[in-house]
Amino acid sequence: MRRALFMAAVLFSLVVTAIGFAAAGRQLSVVPAAPSRLPATPVTLVVPDVRNEAFVFAKGQLQDAGFAWKVAGGVGGYSANIVVSQSPPPGTRLADTGSPLITVKLEKNKKYGQKGEPEDRSPYSATATKPAG
């Protein structure tokens, strides 16, 4: 019984050693991914309609859609204020230049006060606003 157990241990050791040498002899390499290609046609962005929205929701929609924004007019970018107009208008198709600029005008929300600091510009720089096509 001891002899069989000893022979099994020796055989196991030889197999593990052989596998180790076989693995050490091979070089593992990582194949780089194929470089991504830019789309053949430019990407078009469609300006969402953020009129009559609370500013906090409007700026989120614009950022999610890939746009930069700024507040114009006498009312500051407080979160509860309401968007009354935007330029370019909703539905306009623009070339994706990175983060095309959308300008919004706000009116004070009569139900909620203006608290905190106004945000009058998107947190990142705007790029050129070019019509698609």
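Inspect all residues belonging to region 87-98 and state whether any of them is modelled with pLDDT under 95, surrounded by 15 or more Cβ atoms within 10 Å (Cβ to Cβ), of a type in the set (S, T, N, Q) and under 20 Å from the mean Cα position of the chain (by Cα). Looking for residues that are modelled with pLDDT under 95, surrounded by 15 or more Cβ atoms within 10 Å (Cβ to Cβ), of a type in the set (S, T, N, Q) and under 20 Å from the mean Cα position of the chain (by Cα), one finds at least one in region 87-98, hence yes. Restricted to strands (runs of 3 or more DSSP E) entirely inside region 71-129, those with at least 1 residues that are farther than 16 Å from GLN61 by Cβ and in contact with a Pro (Cβ under 9 Å, 6 or more places away or on another chain) are 93-95. The condition of being at pLDDT below 95 and at negative phi holds for only one of LYS70, LYS105, LYS111, that being LYS111.
A quick yes/no check of all residues on (1) touching a Ser or Thr at 6+ places or on another chain (Cβ under 8 Å); (2) part of a loop (DSSP other than H, G, I, E, B); (3) modelled with pLDDT under 80:
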position: LEU5; (1), (2), (3): no, no, no
position: PRO48; (1), (2), (3): no, yes, no
position: ARG51; (1), (2), (3): yes, yes, no
position: LYS59; (1), (2), (3): yes, no, no
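What number of residues in region 79-133 are within 13 Å of PHE67 (Cβ to Cβ), without any contact (Cβ under 8 Å) to a residue 60 or more places away in the chain and small (Gly, Ala, Ser)? Count: 7.
The values are calculated or read from the model by the stated rules, or taken from the named source; none is laboratory data. Predicted model, so just to flag it, every value in this text is computed and none were measured. All Cβ positions, glycine included, derive from the backbone under ideal geometry; neighbour counts span all protein chains shown.
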